[in-house]
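Below is one structure, written out as structure tokens; comments come after it.
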Amino acid sequence: MLFCEEKYKCFQQKLLNFYAWSADTVSSSCGNCSNCQCRAVDNPGLINVTTDAIRVINIIRRTIEELEEDNIIVRDDVIGIFLQLKNKKIIDKKLNSLSIYEENFDRTIRNSKQAFHLLDDLINKKIVVEAVTLKKTGAGFWISDSKITGVAEDAEEMVYSYSWDYYL
Ligand SMILES: [Zn+2]
């Protein structure tokens, strides 16, 4: 089970899962820690975002296909297309002229915080591939630079093998 709001995730469960030997040893929430109590008070709804996850994959595939070769795409671009934003970045890169941008899609996820969480989740599960490189700035600082390079070959299959229930 996935949690959009990390504040709702049981502390004890997080700790046990961190030290667990295998990924399929999933402990249940304790019901006593501050996060469990916060969850009980707020009573957030668990919403399935599988179609949104598939949408993000399609966006990445088709954007890479349609863009000129020297264009790179980053997290902001993917989220901008997903949420059909009309900001300067999107317009400068002409992402709003892509066919996938125009296409109607009934989103479950409605804000950028949740959309970024979904994208991070897809990257962590290696369904979306992100390349991170370190660059040295003129001032001598090292900064990390990341770009989205594609999706796993069996991305859809991978999506369907996980539960995409989020607290939205
Ligand atoms: Zn707890």
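Coordinate-derived values only; no laboratory data. Remember, predicted model here, so these are calculated numbers, not experimental data. Positions of Cβ are generated from backbone atoms using ideal geometry, with glycine treated the same way; all protein chains shown enter the neighbour counts.
Is the C-alpha gyration tensor of region 115-168 telling us rounded, prolate or oblate? Criteria: a/c under 1.5 is rounded; beyond that, a/b larger than b/c is prolate, otherwise oblate. Here region 115-168 falls in the oblate category. In this rough spin-label picture, where each label sits 7 Å from Cα along the Cβ direction, the Tyr162-Val41 distance is 3.0 nm. Of the residues Thr133, Thr51, Thr108, the one that moves most in a GNM of the chain with alpha-carbon contacts below 10 Å is Thr133.
Close amide H contacts of Leu85 (hydrogens built in the peptide plane, cut-off under 5 Å, sequence separation of 5 or more or a different chain): none are found. Dipole orientation for region 24-148: of the candidates Cys38, Thr51, Ile64, Cys38 has the Cα lying most toward the positive pole (charges on Cβ; Lys, Arg +1; Asp, Glu -1).
Between Asp145 and Phe11, the simple label model (points 7 Å from Cα in the Cβ direction) yields a spacing of 4.1 nm. Please work out the FRET efficiency for the pair Lys86 and Ile64, using the Cβ-Cβ distance as r and a Förster radius of 25 Å; give the result to the nearest 0.05. The value I calculate is 0.70. Counting trypsin sites (Lys or Arg not before Pro) as exposed when in a DSSP loop with at most 13 other beta carbons within 10 Å, what is the longest stretch of the chain free of them? Segment 1-85 is the longest.
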